[in-house]
1. Of K3/K178; K35/K189; K166/K189; K93/K246; K178/K233, which sit over 21 Å apart, Cα to Cα?
2. So with the 1.4 Å probe, I'd like the accessible area per residue for the stretch 79-164, rounded to whole Å².
3. Can you list the aspartates and glutamates whose alpha carbon sits under 15 Å from that of K77, skipping same-chain ones fewer than 8 residues off?
4. Which one of Q181, M117, P145 is farthest out on the positive end of the charge dipole of the stretch 16-252, using unit charges on Cβ (Lys, Arg +1; Asp, Glu -1) and the Cα centre as origin?
5. Counting only protein heavy atoms, what percent of the accessible surface of the chain is carbon or sulfur at a 1.4 Å probe?
6. Which loop trypsin sites (Lys or Arg not before Pro) in the stretch 37-86, with loop taken from DSSP, have no more than 16 other Cβ atoms within 10 angstrom of their Cβ?
7. When the chain is treated as a GNM, springs tying every alpha-carbon pair under 10 Å, which of L40, L78, L198 comes out with the largest mean-square fluctuation?
8. Would you please give the residues with an amide H less than 5 Å from that of Q58, counting only those at least 5 places away or on a separate chain, with H modeled from the backbone geometry?
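The values are calculated or read from the model by the stated rules, or taken from the named source; none is laboratory data. Bear in mind that the values here come from a model prediction, so they are computed numbers and not experimental data. Backbone-built Cβ (ideal geometry, glycine too); neighbour counts: all protein chains shown. All accessible areas refer to the heavy atoms of the entire protein, side chains included, with ligands and DNA or RNA removed. Shrake-Rupley method; radii C 1.70, N 1.55, O 1.52, S 1.80 Å.
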Amino acid sequence: MNKSQHQLAPGEPANLSELPTSSKPFHDDRDAAEKEFRKLRKQFITWQRALWAEGRQQLLIVLQAMDAGGKDGTIRKLFMGVNPQGVHVASFKAPSVRELAHDFLWRVHRDVPAAGMIGVFNRSHYEDVLVVRVNRLAPREAWEPRFQQINDFERLLAETGTRILKFYLHISRDEQRKRFQDRLDRPEKNFKFSLDDLEKRKQWDDYRFAYEDALTRCTTDWAPWYAIPSNQKWYRNLAIMRIVVKTLEDMNPTYPTIDYDPKQVKID
Ligand code: AMP
Ligand code: MG
(Lines give C-alpha, C1' and ligand atoms only; values in the text may rest on other atoms or scores of the structure.)
(Ligands and ions follow the chains in the order given, each with its own letter.)
Protein backbone atom coordinates (compact mmCIF):
# COMPACT_ATOMS: atom_id res chain seq x y z
CA MET A 1 0.00 0.00 0.00
CA ASN A 2 1.29 3.49 -0.77
CA LYS A 3 2.25 5.69 2.12
CA SER A 4 -0.76 7.74 3.23
CA GLN A 5 -0.81 11.36 4.27
CA HIS A 6 0.43 11.87 7.85
CA GLN A 7 2.03 8.42 7.99
CA LEU A 8 5.37 8.34 9.76
CA ALA A 9 8.28 6.53 8.17
CA PRO A 10 10.09 3.68 9.93
CA GLY A 11 13.53 4.68 11.14
CA GLU A 12 12.89 8.42 10.88
CA PRO A 13 12.72 10.44 14.10
CA ALA A 14 9.22 11.76 14.85
CA ASN A 15 9.59 15.42 15.73
CA LEU A 16 6.22 16.52 17.06
CA SER A 17 7.02 20.24 17.18
CA GLU A 18 7.56 20.10 13.42
CA LEU A 19 4.47 18.03 12.68
CA PRO A 20 1.32 20.14 12.15
CA THR A 21 -1.53 20.28 14.66
CA SER A 22 -3.69 22.38 12.36
CA SER A 23 -5.47 21.32 9.17
CA LYS A 24 -4.61 24.57 7.36
CA PRO A 25 -1.80 23.24 5.16
CA PHE A 26 -4.03 20.36 4.03
CA HIS A 27 -7.64 21.54 3.94
CA ASP A 28 -9.50 24.72 4.73
CA ASP A 29 -13.01 23.98 3.49
CA ARG A 30 -14.96 22.52 6.38
CA ASP A 31 -18.17 21.95 4.42
CA ALA A 32 -16.37 20.04 1.69
CA ALA A 33 -14.51 17.98 4.30
CA GLU A 34 -17.72 17.05 6.09
CA LYS A 35 -19.34 16.08 2.80
CA GLU A 36 -16.43 13.84 1.88
CA PHE A 37 -16.48 12.36 5.38
CA ARG A 38 -20.13 11.36 5.08
CA LYS A 39 -19.48 9.76 1.70
CA LEU A 40 -16.54 7.80 3.09
CA ARG A 41 -18.52 6.71 6.13
CA LYS A 42 -21.03 4.97 3.83
CA GLN A 43 -18.12 3.11 2.24
CA PHE A 44 -16.77 2.26 5.69
CA ILE A 45 -20.14 0.78 6.71
CA THR A 46 -20.20 -1.35 3.54
CA TRP A 47 -16.63 -2.58 4.01
CA GLN A 48 -17.27 -3.45 7.64
CA ARG A 49 -20.16 -5.66 6.60
CA ALA A 50 -17.89 -7.58 4.22
CA LEU A 51 -15.12 -7.86 6.83
CA TRP A 52 -17.60 -9.34 9.29
CA ALA A 53 -19.12 -11.72 6.73
CA GLU A 54 -15.70 -12.89 5.55
CA GLY A 55 -14.52 -13.52 9.12
CA ARG A 56 -10.88 -14.04 8.21
CA GLN A 57 -9.09 -10.75 8.88
CA GLN A 58 -9.18 -8.11 11.59
CA LEU A 59 -8.55 -4.38 11.79
CA LEU A 60 -7.08 -2.80 14.92
CA ILE A 61 -7.25 0.97 15.37
CA VAL A 62 -5.10 2.40 18.16
CA LEU A 63 -5.85 5.91 19.42
CA GLN A 64 -3.42 7.87 21.55
CA ALA A 65 -3.35 11.57 22.40
CA MET A 66 -2.63 14.11 25.07
CA ASP A 67 -5.64 14.71 27.35
CA ALA A 68 -8.56 16.29 25.46
CA GLY A 69 -6.93 15.22 22.21
CA GLY A 70 -10.24 13.87 20.90
CA LYS A 71 -10.08 10.08 21.26
CA ASP A 72 -13.71 9.71 22.43
CA GLY A 73 -15.06 12.07 19.76
CA THR A 74 -13.13 10.26 17.03
CA ILE A 75 -14.67 6.92 18.01
CA ARG A 76 -18.17 8.43 18.17
CA LYS A 77 -17.91 10.09 14.76
CA LEU A 78 -16.13 7.29 12.92
CA PHE A 79 -18.40 4.47 14.01
CA MET A 80 -21.79 6.15 13.74
CA GLY A 81 -23.96 3.76 11.74
CA VAL A 82 -21.52 0.85 11.85
CA ASN A 83 -22.94 -2.47 13.06
CA PRO A 84 -21.96 -2.50 16.77
CA GLN A 85 -21.74 -6.28 16.73
CA GLY A 86 -18.66 -6.12 14.54
CA VAL A 87 -16.82 -3.56 16.64
CA HIS A 88 -15.03 -3.98 19.95
CA VAL A 89 -13.89 -0.83 21.78
CA ALA A 90 -11.45 -1.24 24.67
CA SER A 91 -10.59 1.73 26.91
CA PHE A 92 -7.43 1.27 28.91
CA LYS A 93 -7.34 2.91 32.33
CA ALA A 94 -4.80 2.60 35.11
CA PRO A 95 -4.22 -1.16 35.52
CA SER A 96 -5.88 -3.13 38.33
CA VAL A 97 -3.93 -5.07 40.93
CA ARG A 98 -4.63 -8.26 38.98
CA GLU A 99 -3.47 -6.70 35.71
CA LEU A 100 -0.32 -5.39 37.36
CA ALA A 101 0.51 -8.92 38.48
CA HIS A 102 0.97 -9.89 34.79
CA ASP A 103 3.17 -8.62 31.97
CA PHE A 104 1.92 -5.33 30.48
CA LEU A 105 0.57 -6.95 27.31
CA TRP A 106 -1.62 -9.48 29.11
CA ARG A 107 -4.66 -7.23 29.39
CA VAL A 108 -4.09 -5.84 25.91
CA HIS A 109 -3.91 -9.18 24.14
CA ARG A 110 -7.29 -10.16 25.63
CA ASP A 111 -8.92 -7.21 23.86
CA VAL A 112 -7.45 -7.51 20.36
CA PRO A 113 -10.09 -7.99 17.64
CA ALA A 114 -11.27 -11.53 16.91
CA ALA A 115 -11.85 -12.85 13.38
CA GLY A 116 -13.89 -10.43 11.28
CA MET A 117 -13.89 -7.72 13.94
CA ILE A 118 -12.73 -4.13 14.08
CA GLY A 119 -11.01 -3.42 17.39
CA VAL A 120 -10.52 0.07 18.75
CA PHE A 121 -8.07 0.89 21.52
CA ASN A 122 -8.93 4.08 23.39
CA ARG A 123 -5.44 4.37 24.93
CA SER A 124 -3.42 1.21 24.66
CA HIS A 125 -0.22 -0.67 25.49
CA TYR A 126 1.57 2.59 24.62
CA GLU A 127 0.55 3.98 28.01
CA ASP A 128 3.15 1.59 29.39
CA VAL A 129 5.91 3.65 27.74
CA LEU A 130 4.15 7.02 28.24
CA VAL A 131 2.44 7.66 31.58
CA VAL A 132 4.51 4.90 33.16
CA ARG A 133 7.72 6.55 31.98
CA VAL A 134 6.78 10.19 32.62
CA ASN A 135 5.34 9.52 36.07
CA ARG A 136 8.02 6.98 36.95
CA LEU A 137 5.50 4.25 37.71
CA ALA A 138 8.16 1.67 36.83
CA PRO A 139 11.96 1.85 36.61
CA ARG A 140 13.71 2.34 33.26
CA GLU A 141 14.78 -1.34 33.23
CA ALA A 142 11.09 -2.25 33.15
CA TRP A 143 9.87 0.08 30.37
CA GLU A 144 12.96 0.31 28.14
CA PRO A 145 12.57 -3.23 26.69
CA ARG A 146 8.90 -2.54 26.00
CA PHE A 147 9.46 -0.77 22.67
CA GLN A 148 10.89 -3.97 21.22
CA GLN A 149 8.26 -6.06 22.99
CA ILE A 150 5.52 -3.90 21.50
CA ASN A 151 6.97 -4.25 17.99
CA ASP A 152 7.19 -8.02 18.42
CA PHE A 153 3.62 -8.21 19.77
CA GLU A 154 2.26 -6.10 16.91
CA ARG A 155 4.16 -8.27 14.43
CA LEU A 156 2.48 -11.35 15.88
CA LEU A 157 -0.92 -9.71 15.36
CA ALA A 158 -0.02 -8.63 11.82
CA GLU A 159 1.20 -12.09 10.91
CA THR A 160 -2.06 -13.61 12.12
CA GLY A 161 -4.37 -11.50 9.98
CA THR A 162 -4.71 -8.21 11.85
CA ARG A 163 -4.12 -4.90 10.09
CA ILE A 164 -2.94 -2.27 12.55
CA LEU A 165 -3.41 1.49 12.26
CA LYS A 166 -2.07 3.71 15.04
CA PHE A 167 -3.25 7.31 15.24
CA TYR A 168 -1.63 9.98 17.37
CA LEU A 169 -4.16 12.83 17.58
CA HIS A 170 -1.84 15.81 17.54
CA ILE A 171 -3.23 18.95 19.23
CA SER A 172 -1.44 22.12 20.31
CA ARG A 173 -1.05 23.08 23.95
CA ASP A 174 -3.27 26.08 23.31
CA GLU A 175 -6.02 23.86 21.86
CA GLN A 176 -5.84 21.70 24.98
CA ARG A 177 -6.37 24.80 27.14
CA LYS A 178 -9.50 25.71 25.11
CA ARG A 179 -10.91 22.18 25.40
CA PHE A 180 -10.26 22.02 29.16
CA GLN A 181 -12.00 25.40 29.54
CA ASP A 182 -14.95 24.07 27.55
CA ARG A 183 -15.13 21.07 29.88
CA LEU A 184 -15.30 23.47 32.82
CA ASP A 185 -17.84 25.79 31.21
CA ARG A 186 -20.36 23.17 30.08
CA PRO A 187 -22.06 21.21 32.88
CA GLU A 188 -22.61 18.18 30.65
CA LYS A 189 -18.87 18.10 30.00
CA ASN A 190 -17.72 18.61 33.59
CA PHE A 191 -17.34 14.86 34.12
CA LYS A 192 -14.63 14.71 31.48
CA PHE A 193 -12.35 17.01 33.46
CA SER A 194 -10.22 15.99 36.41
CA LEU A 195 -7.75 17.97 38.48
CA ASP A 196 -5.16 15.38 37.50
CA ASP A 197 -5.44 16.74 33.93
CA LEU A 198 -3.78 19.97 35.11
CA GLU A 199 -0.88 18.01 36.60
CA LYS A 200 -0.40 16.21 33.29
CA ARG A 201 -0.62 19.51 31.42
CA LYS A 202 2.37 20.74 33.45
CA GLN A 203 4.27 17.72 32.14
CA TRP A 204 3.43 18.56 28.51
CA ASP A 205 7.06 18.57 27.38
CA ASP A 206 7.86 15.30 29.16
CA TYR A 207 4.88 13.67 27.48
CA ARG A 208 5.85 15.11 24.12
CA PHE A 209 9.32 13.66 24.52
CA ALA A 210 7.95 10.25 25.54
CA TYR A 211 5.53 10.31 22.59
CA GLU A 212 8.31 11.19 20.16
CA ASP A 213 10.34 8.26 21.40
CA ALA A 214 7.40 5.85 21.15
CA LEU A 215 6.38 7.07 17.68
CA THR A 216 9.97 6.87 16.47
CA ARG A 217 10.76 3.45 17.87
CA CYS A 218 7.43 1.77 17.17
CA THR A 219 6.73 2.90 13.61
CA THR A 220 7.10 -0.29 11.63
CA ASP A 221 6.05 -1.53 8.22
CA TRP A 222 3.51 -3.82 9.86
CA ALA A 223 2.09 -1.28 12.33
CA PRO A 224 2.53 2.33 11.18
CA TRP A 225 1.90 5.42 13.26
CA TYR A 226 0.07 8.40 11.81
CA ALA A 227 0.34 11.87 13.36
CA ILE A 228 -3.04 13.44 12.61
CA PRO A 229 -3.40 17.25 12.81
CA SER A 230 -6.29 17.34 15.28
CA ASN A 231 -6.97 20.94 16.33
CA GLN A 232 -9.88 20.93 13.86
CA LYS A 233 -12.12 17.98 14.62
CA TRP A 234 -13.65 17.97 11.13
CA TYR A 235 -10.23 17.53 9.57
CA ARG A 236 -9.13 14.91 12.10
CA ASN A 237 -12.23 12.84 11.35
CA LEU A 238 -11.74 13.09 7.61
CA ALA A 239 -8.01 12.32 7.70
CA ILE A 240 -8.57 9.19 9.80
CA MET A 241 -11.59 8.05 7.78
CA ARG A 242 -9.60 8.34 4.54
CA ILE A 243 -6.88 6.09 5.95
CA VAL A 244 -9.35 3.57 7.40
CA VAL A 245 -11.31 3.25 4.15
CA LYS A 246 -8.13 3.00 2.08
CA THR A 247 -6.89 0.25 4.39
CA LEU A 248 -10.14 -1.70 4.12
CA GLU A 249 -10.01 -1.36 0.34
CA ASP A 250 -6.54 -2.81 0.48
CA MET A 251 -7.63 -5.66 2.79
CA ASN A 252 -10.46 -6.23 0.32
CA PRO A 253 -12.67 -8.52 2.43
CA THR A 254 -14.99 -10.67 0.35
CA TYR A 255 -18.23 -12.47 1.15
CA PRO A 256 -17.67 -16.20 1.66
CA THR A 257 -18.60 -18.57 -1.15
CA ILE A 258 -21.68 -20.61 -0.37
CA ASP A 259 -22.04 -24.37 -0.70
CA TYR A 260 -25.60 -24.34 -2.05
CA ASP A 261 -27.49 -22.82 -4.95
CA PRO A 262 -29.96 -20.25 -3.57
CA LYS A 263 -32.17 -20.71 -6.65
CA GLN A 264 -32.52 -24.44 -5.95
CA VAL A 265 -33.52 -24.06 -2.30
CA LYS A 266 -37.25 -24.35 -1.76
CA ILE A 267 -38.80 -23.33 1.54
CA ASP A 268 -42.21 -24.88 2.24
P1 AMP B 1 -9.20 8.64 30.70
O2 AMP B 1 -8.73 8.18 29.35
O3 AMP B 1 -9.36 10.12 30.80
O4 AMP B 1 -10.39 7.88 31.17
O5 AMP B 1 -8.03 8.31 31.74
C6 AMP B 1 -7.48 7.05 31.87
C7 AMP B 1 -6.25 7.18 32.71
O8 AMP B 1 -5.65 5.89 32.84
C9 AMP B 1 -5.20 8.10 32.09
O10 AMP B 1 -4.75 9.01 33.04
C11 AMP B 1 -4.10 7.13 31.69
O12 AMP B 1 -2.82 7.71 31.70
C13 AMP B 1 -4.27 6.03 32.70
N14 AMP B 1 -3.66 4.77 32.24
C15 AMP B 1 -3.97 4.06 31.14
N16 AMP B 1 -3.15 3.00 31.01
C17 AMP B 1 -2.27 3.06 32.03
C18 AMP B 1 -1.17 2.25 32.44
N19 AMP B 1 -0.80 1.17 31.74
N20 AMP B 1 -0.51 2.60 33.56
C21 AMP B 1 -0.90 3.68 34.26
N22 AMP B 1 -1.92 4.50 33.94
C23 AMP B 1 -2.60 4.18 32.83
MG1 MG C 1 -8.94 12.18 30.99
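1. Beyond 21 Å: K3/K178; K35/K189; K166/K189; K93/K246.
2. On the way: 4420 Å² over 86 residues.
Normalised by residue count, the accessible surface of the stretch 79-164 is 51 Å².
3. Cα-Cα hits under 15 Å: E34, E36.
4. Q181
5. Numbers: 7190 of 14380 Å².
Answer for the chain: carbon and sulfur cover 50 percent of the accessible area.
6. On the way: sites: R38, K39, R41, K42, R49, R56, K71, R76, K77; in loops: R56.
Hits after loop and neighbour filter: R56.
7. With Cα springs under 10 Å in the chain, the top fluctuation among L40, L78, L198 is at L198.
8. G116, T162, R163
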